[in-house]
Amino acid sequence: MLLLYAAGMEPETDQSLWSRVFRPGWRSQTVFLIRLAVGLIFFTQGVLKYIDPNLGVDRFAKIGFPHPYFTAHFVGAFEMVCGFLVLIGLVTRIAAIPLLIVICTAIATTKVPELSRPNQGFWFMVSDARTDFSMLMSLLFLLVAGAGSWSVDSHLGSSSSAEEKNR
């Protein structure tokens, strides 16, 4: 800090909520690849909850959710909207939060019960949960790192930073 002042430069003090949400913590372009995987997987799974009863209403009924028609479509809508937001990199950190809730619920309701089923157990559950675990870790990464430099967030973050510096 003192070196910055001595060199005539002021440290960045812009810590508003919006700047923290939009400004990527990690400015790499390769974050796009994580966003692409997460966004497309959640978006397509959300669509499938509407068009395929085996992946939507019937599956939610089998798991034991109350009101499976409403629940499947409610979750599907969140997956489509938040998946699309992650895909384009708009409010990525905020969009990751409902998706984290969805994936944690999916793990708790579909993977953890496999531990107590005959002929399944731990190693079966670990193998079956690999995609869910990958989505969980990727969402945590996006929550911490932000959307990266190839994103709407990055563009909005750089625009708001430039406007604040001109004030």
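Side notes on the structure shown:
Residue-by-condition table, conditions (1) part of a helix (DSSP H, G or I); (2) touching a strand residue (DSSP E or B) at 6+ places or on another chain (Cβ under 7 Å); (3) loosely packed, with under 13 Cβ neighbours inside 10 Å; (4) not charged (D, E, K, R):
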| site | (1), (2), (3), (4) |
| --- | --- |
| MET80 | yes, no, no, yes |
| GLY83 | yes, no, no, yes |
| VAL86 | yes, no, no, yes |
| LEU90 | no, no, no, yes |
| ALA95 | yes, no, no, yes |
| VAL102 | yes, no, no, yes |
| ILE107 | yes, no, no, yes |
| THR110 | yes, no, no, yes |
| TRP123 | yes, no, yes, yes |
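- Among the conditions (1) under 22 Å from the mean Cα position of the chain (by Cα); (2) assigned to a helix (DSSP H, G or I); (3) farther than 19 Å from ILE97 by Cβ, the only one that PHE42 does not satisfy is (3).
- The lone exception for VAL75 - which of (1) in contact with a helix residue (DSSP H, G or I) (Cβ under 8 Å, 6 or more places away or on another chain); (2) of a type in the set (Val, Ile, Thr); (3) free of Cβ contacts under 8 Å to residues at least 12 places away in the same chain it fails: (3)
Rule-based calculations on the coordinates, nothing more; no lab input. Only a predicted model underlies this, so the values are computations on that prediction, with no experimental measurement involved. Every residue, glycine among them, receives a Cβ derived from its backbone with ideal geometry; neighbour counts consider all protein chains shown.
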